[in-house]
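Below: the structure, in structure tokens.
The values are calculated or read from the model by the stated rules, or taken from the named source; none is laboratory data. Quantities reported herein were computed from a predicted structural model and do not represent experimental measurements. Every residue, glycine among them, receives a Cβ derived from its backbone with ideal geometry; neighbour counts consider all protein chains shown. Heads up: the accessible areas ignore ligands, DNA and RNA and are worked out on the full protein's heavy atoms, side chains in. Shrake-Rupley method; radii C 1.70, N 1.55, O 1.52, S 1.80 Å.
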Amino acid sequence: MGRQTRGLGPARAAMVFAALFSLLPVSLTSANASVAAAAAPASPTGLTVNAGVRSVSMKWTASTDTSVTGMRILWGTSATALTNQFTVGGRTTESFVHTGSPVRVINKSLTSNVAALTTDVAHGLIVGDFVFISGVDVTFDGTYVVKSKTLTTFTYDRVATNVTATALTTTGSAQKSQSLGIGQTYYYQIAYIYTDNTQACAASCLSAFSATVSALTQFNASTTFSSTGAVQSYVVPAGIYSLQVDAFGANGGTTTFAAGLGGRVEAVVPVTPGEVLFMYVGAANSSSTGGWNGGASGTAPGLGGGGASDIRRGISITNAALINNSVTLTTSAPHGLTVGTAIAVAGVGTAFDGVYTIATVASTTLTYAKTNSNIASAVVTGSLIQTNPASSWARRILVAGGGGGAGSHAAGGDGGGLTASAGGVYGGNAGGVAGTQSTGNALGAGAGGTTNAGGGGGGYWGGGGGTTYAGGGGGSSFTATGIYGTVHTRGSTSASGAGSIRITLPQTTTMPIPTQLAATGWSRTSELTWATPGVNDVTGYRVKWGTDPSNIVYQFDVA
């Protein structure tokens, strides 16, 4: 090209160069133009909301567009006036729990078991408020009580390893816990936040918003499963397509050093009416023997790890018959079970449900003994599962990890979170490794402690056992694909230290009126009785009384 233009005047050379340049392939000359004209991400899809009493759990389909950096969420109490907004960071984030007025967390630190967070705008919290933190990391996330505050900072107690002050970029939010109104419909739209440096919006561009969805907060009622050392079952009621679940793993054992605390998982689990869920609730530990459901034994004076608490889906049953005191069940797919296996059957009917030992098997049928009148073969619903926790790890859909047992010279590691705590992190010799989503001792089970050491806690992956006086590691928590509104809290045990699983369903938008009030008069006293409303969040009763039915002027409260 230089030889073709040599000796030409500047104007003539420019014309020749322009002509040659115009002959280049379009794909080469339009590269920069194609970047500038890149399409914005399509509006988000799959937005689903599920209301609790004072909170709303949200989920959506995460974007595959690498320019996306987070979500902008509009909300309000009128479909035509979504006047509030907040941001959720992270392209792959696909759910959020809305409990108040979220603000972004921009800095975190933890010193001497006191966590401190800084927010980008005034947070509106006061001392004593319960604050819900999400998206920061497993050390800081969860629900805590505000200890002190300024306009844009607040602190709370959190027993954990010190964390140097660290700035956050897009993730992390704080909001007052469980502070939405009851009996109120909340409306939402969402858009992707993306980066396009060719536009004025740069790193804060917005896609189109999704369609509006809504959720009605309601009073609810709960069923709680406590640790019994055996599998328990729950049949989803008619008309119910999602459950709110609050699960706690169990504590490890305590020596002169602290036990590892069990983890907590709060989540919304999509279900189908009539399906059976099996509950494996972990046992706490006060001996060298590991807690039921994956807790491993320690070596005295080291104590055992706590068991995990988990929910499993069993093997579906399609047909049942009871002839001559023998039950025959047909399963929807090959069950893979063997003669002599102990199974729990639920959701089929009173004559069939219970715990039994398999007598005979074929690919999709099995039999067991049951003394009862004959029942002809019929199509049924229901499920079965092996009673031994270790026999069906793969069927777990939600796990709250158990804490590691303390050794003679070290604390146990806390269970819970996608990564639990190793033994000894909170004092004493370094101990058993923490369970994660892919490592630890083994799926489901902790490892035993050796030489005066604590055992690992059960979990999605169980914690490692302590060695030489050390504590056992905690077991990790887990939720399966499709479960949303998930909140993992590491080291957040139930009051008793044992595991528990609470299933909650919506009931009514207003608090029911107490019924069946009755009074029995005695010589100088009256005895009152009434029926409880059957919903959560009742904290007491106000009793009015007097000597004239048209003028009941006195009152007192019963807690």
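Summary of values
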quantity: Part-to-part distance (alpha-carbon centres) for the stretch 419-488 and the stretch 212-282, which is given in Å; calculated: 21
quantity: Reachable lysines from K149, criterion Cα separation under 19 angstrom, eight or more residues apart if same chain; calculated: K108, K176
quantity: Surface accessible to a 1.4 Å probe, per residue, for the residues of the chain, Å²; calculated: 45
quantity: As computed over the chain, the Cα convex hull volume per residue (Å³); calculated: 281
quantity: Whole-percent carbon and sulfur share, accessible surface of the stretch 216-303, 1.4 Å; calculated: 57
quantity: Two-site label geometry, N84 and T539: point separation in nm, points 7 Å out along Cα→Cβ; calculated: 2.0
quantity: Reachable aspartates and glutamates from K544, criterion Cα separation under 18 angstrom, eight or more residues apart if same chain; calculated: E527, D557
quantity: Helix-only mean residue ellipticity at 222 nm for the chain, each DSSP H run of n ≥ 4 adding -39500 (n - 2.57), per residue, nearest 500; calculated: -1000 deg cm²/dmol
quantity: Estimated FRET transfer efficiency (S43, T272; beta-carbon r; R0 22 Å; 0.05); calculated: 0.15
quantity: In sequence order, calculated HN-Hα J values of the stretch 321-328 (Karplus, 6.51, -1.76, 1.60; Hz; x Gly/Pro); calculated: 8, 9, 10, 6, 6, 9, 8, 10
quantity: Angle between the chain longest axis and helix 10-22 axis [Cα atoms, degrees, rounded to 10]; calculated: 40
quantity: Tensor-based shape of the stretch 58-129 (alpha-carbon gyration tensor, a/c under 1.5 rounded, otherwise prolate or oblate); calculated: oblate
quantity: Simple spin-label estimate for N551 and S101 in nanometres, 7 Å along Cα-Cβ; calculated: 4.7
quantity: Gyration tensor (alpha-carbon) shape descriptor, the stretch 327-400, a/c threshold 1.5; calculated: prolate
quantity: Pairwise centroid distance, computed over Cα atoms, of the stretch 539-559 with the stretch 324-390, Å; calculated: 55
quantity: For the stretch 175-216, alpha-carbon Rg and Dmax in angstrom; calculated: 15.4, 45
quantity: Anisotropy class of the stretch 435-559 from Cα gyration tensor, a/c 1.5 cut; calculated: prolate
